1. Can you list residues from other chains, or at least 5 along the same chain, whose modelled amide H is less than 5 Å from the amide H of B:Ala369?
2. How big is region A:208-329 along each principal axis, measuring the range of its Cα positions in Å and listing the largest first?
3. Find which of B:Val447, B:Val153, B:Ala186 sits farthest along the positive direction of the dipole of chain B, computed with +1 on the beta-carbon of Lys and Arg, -1 on that of Asp and Glu, about the Cα centre.
4. Enumerate the calculated ³J(HN,Hα) couplings along region A:333-348 in order (Karplus 6.51 cos²θ - 1.76 cosθ + 1.60, θ = phi - 60°), each rounded to whole Hz, writing x wherever the residue is Gly or Pro.
5. Enter the angle in degrees (range 0 to 90, nearest 10) between the Cα long axis of helix A:64-79 and the first principal axis of the Cα atoms of chain A, meaning the one along which they spread out most.
6. Taking every alpha carbon pair in region A:28-172, what does the distance histogram look like in 10 angstrom bins from 0, in percent?
7. By Cβ position, which chain A residue lies least far from the axis that rotates chain A onto chain B, and what is the distance to the nearest whole angstrom?
8. Can you list the copy-to-copy distances for A:Lys345, using a point 7 angstrom from Cα toward Cβ, in nanometres, shortest first?
Number of protein chains: 2
Amino acid sequence: MSDYSGYNFVGNTRSANGNVILKSRNAFTNLELPSSFYQATNDEIDSACQLAASAFPIFNKLSASRRAEFLNKIADELDGLSNDFFDLVRQETALDEARIKGECGRTSNQMRLFADLLIRGDFYDVRIDTAIPDRSPVPKVDIRQCRMGVGPVAVFGASNFPLAFSTAGGDTASALAAGCPVIFKAHSGHMETAEKVAIAILRAAEQTSMPDGVFSMIFGAGVGERLVKHSDIKAVGFTGSLSGGKAISDMAASRPNPIPVFAEMSSINPVILLPQALATRRHKIATELSDSITLGVGQFCTNPGLIIGVSSPQFSDFISKVTDEISLKQSKTMLNSGALANYKKGCEKLENHPQINMLASSESADNKATAYLYQAPADLLLSGNELLQEEIFGPASIVIEVNDMAQLTACLNAMHGQLTATLIGEEEELNDSVELLSILENLAGRVLINGYPTGVEVCDAMVHGGPFPATSDSRGTSVGSLAIDRFLRPICFQNYPDSLLPDALKNNNPLGILRLVNGVKTTSLIQNNLKVAR
Amino acid sequence: MSDYSGYNFVGNTRSANGNVILKSRNAFTNLELPSSFYQATNDEIDSACQLAASAFPIFNKLSASRRAEFLNKIADELDGLSNDFFDLVRQETALDEARIKGECGRTSNQMRLFADLLIRGDFYDVRIDTAIPDRSPVPKVDIRQCRMGVGPVAVFGASNFPLAFSTAGGDTASALAAGCPVIFKAHSGHMETAEKVAIAILRAAEQTSMPDGVFSMIFGAGVGERLVKHSDIKAVGFTGSLSGGKAISDMAASRPNPIPVFAEMSSINPVILLPQALATRRHKIATELSDSITLGVGQFCTNPGLIIGVSSPQFSDFISKVTDEISLKQSKTMLNSGALANYKKGCEKLENHPQINMLASSESADNKATAYLYQAPADLLLSGNELLQEEIFGPASIVIEVNDMAQLTACLNAMHGQLTATLIGEEEELNDSVELLSILENLAGRVLINGYPTGVEVCDAMVHGGPFPATSDSRGTSVGSLAIDRFLRPICFQNYPDSLLPDALKNNNPLGILRLVNGVKTTSLIQNNLKVAR
């Protein structure tokens, strides 16, 4: 396929009908890389959507085990990517090799998690209420329910995870698992990476005989709007900025037939330090927290952007230790020049505010991100100042010293929704923190005790979501197996002959899955014409 | 509480600070009923929202069994409503006594269904991934997830179910079950009914010691906007018109912090007749379908508004039988004069269209709804004419005769999303209808074979939802136990000491519920500090 380098993926066909040429850049030098990418034309976008719509009924009706085969094959293809590929990712993103390899493994494991989920079958959420023909005053008919894909999904990947939140990332994996064809809008920050991954996905699709249109990928700036507004698109997954996520949500809501959007957008991930923990291990916490702030050049949605503690000599000592630690950090190259420019702009806004002080900055170097620690008064947060609530994407964090626990609570109540909230404390004070934890649980999708929010485990129990503006819908997650729920809808089959029911709903339970039958979870088969009283 | 007749319910306090007086009307005479209702003031709306926000953390943290107690008590209170109450409902809605009593029983059973669900505990959707401290390269921490209420919910009830889709209806029941306080906007069509039911709910809340603010009810026209836009409201449930649902969805999306809306809005519920069924039992189907069209004066969201069959002598004979049946129906009083006016307007639009013919009309009587049968050419639907896709709320239906199965498929593909789609056929032709069923399953939330869409069973397997414009989000339902999902969000607890976890997540599984532990569904307890390899 190398002849088609830079072409869009309109299903299985490479296409370059447009004349807008895009270039990826070397993240270290900001110089253009040699490959050229062709911005998708309106016709190409429409064709990808139509192909996805044609593929949907076929793909959606495939057995879950066939879709699992596809996902596992994608995982195999990702695992087969070579060092050349990792070098290319590094060129485009400046991420280090270990991180890239780790992220690639995470991405293939994520595909396998969804394959396992498909085999397990609980995503169907089968509910069966059998008939009661002699019920009075009216007979009860046989009613069965399972969940199926919503239809073709448009996915917008993130800059900061060129693999795990991108072409073959969690949104793509969960949508494909749900039976939904995916049209992926390649991120302009890593188009070469995206192309290689798309080729891997399509190779897996071919090897497992998936229908043409099950996956497409388009390049370009501004092509997202036509995609989101296309009548064949039935849901959107997005990871990125608040402004980008809001724009896409607005587009989706203003369609003649509005569709759901799950946008993961903005979080400052508060970390709350309790007094006893500060008394016993403040230097250790300071070191660990500084590492979390600067990990991956701070380019994580879960980067701890706000540190809150009650005023005390111990908290002051903790702050001075964090100050020292941040000062000693190395400046590093960010994902791209745009990320660096945005980071600088965000930090400047803090620096220009008369009530915000800079406590620490790491060494500065041209074209690299300096790590910063700032301090702001609690009153500024309590007065509703939005500056302290804006995510600064990069290695910066703000300390807030509160007078007492009442002011701490007030600060938390003044905050917008978050992906994570963290409480650091000793056993005794934690046991006294039930109300505080309750506030954090209402604030965030994930609450951590004695940990750091960076590092998002891909597993069944993960929630990478949270109230607005963390995401556009607090009922979803973009990481972990629950992510599939965003792209499924329940369908009710009333009075169907057994042979016409999906396998998940058939009397003899051919998939052997756990089902809710007349209010009881069971793997048992259902006797034909069984009349079960509820 | 009779002294406070017509006052708003601001939590447990009756309040009438406004000076806009509203009157309910006798549905038969359109004359004002004696009671006066006080439109809620902005302050009263705000107070109800603030009370709900204060009640939320308490109510949300209550054990599920305590909330079940509350729901069961509401059911008891509803069951205790007397004939005086039924007379009042009849005055306000013109529904007949049997229907009102049936609906009241359905409403209390619905409360009990959610109480059962709370006891069953699967709504928590517990997922636990235990720690693997020695995992390389990084240890795996303990991560647990369950679902909790999203926060206070605003509910807008329907005119056509003054009990089952109203004050104590499915949206209220599912929101309360989820741990969400409810603020109910009373429907102007049955304010006296609403008041009595609200008193029943608050009596149950008092008897089961629920927090003040767990339920409020406001009266008024135009008070919905302030409610939907109030920052303390976290989700909306709505049943009503397309224009109303869209307006509320737009308000919710334009908030500084957008919130999810589940609006059940508009459906014409196509019924498709296959040739063999017409050959063998066309008169029986005609009679049953005519009954379904006119049941409850056609005032059901699931009323069959479109009848499609392939042109044949048998289909012609079927049409003439339906024509006869509809002609013989009695005209009946609708819910209110507004409903009748809208129905007449909808029918006039059809009658004024040059390509639409009226086949039958029942006897006409002043201030009553005439039943109608119309016929429209398939080309009109295929040309994208919106008139045929608009729900006409009342006892009218449109027949479309198609040339062949290909045109039938084209018609279905041209249709908007539906609550239901029905296929009537004999065994052999049904077995040949796999593709047709697949189209219907993508079109609607519920697909029926050899049944009629009116009559919505309240059970675990029901879906009363569907793609837009049937609802605003095809992933939800407003009838059946799955309705609770709309008001729950997942929360992830990372590295929590066992004592601080919700009971649903504790090691020893005190609720005895089925949980997903390291990828396996089990009721087993988790050994403390268990290190389980996945």
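What follows is calculated from the coordinates using simple rules that are stated; it is not laboratory data. What you see is a predicted model; the values in this text were computed from it and never measured. Note that we place each Cβ from the backbone using ideal geometry, even for glycine, and neighbour counts take in every protein chain shown.
1. Correct list: B:Lys332, B:Thr333, B:Met334.
2. 62, 34, 27
3. Positive-most Cα among the choices belongs to B:Val153.
4. Using θ = phi - 60°, the values come out as 6, 8, 4, 6, 5, x, 4, 5, 4, 5, 4, 4, 4, x, 5, 4 Hz.
5. 40 degrees
6. Bin by bin from 0 Å, the calculated values are 10, 26, 29, 19, 8, 5, 3, 1.
7. A:Ala253, 2
8. Spacings between copies for this position, smallest first, are 4.7 nm.
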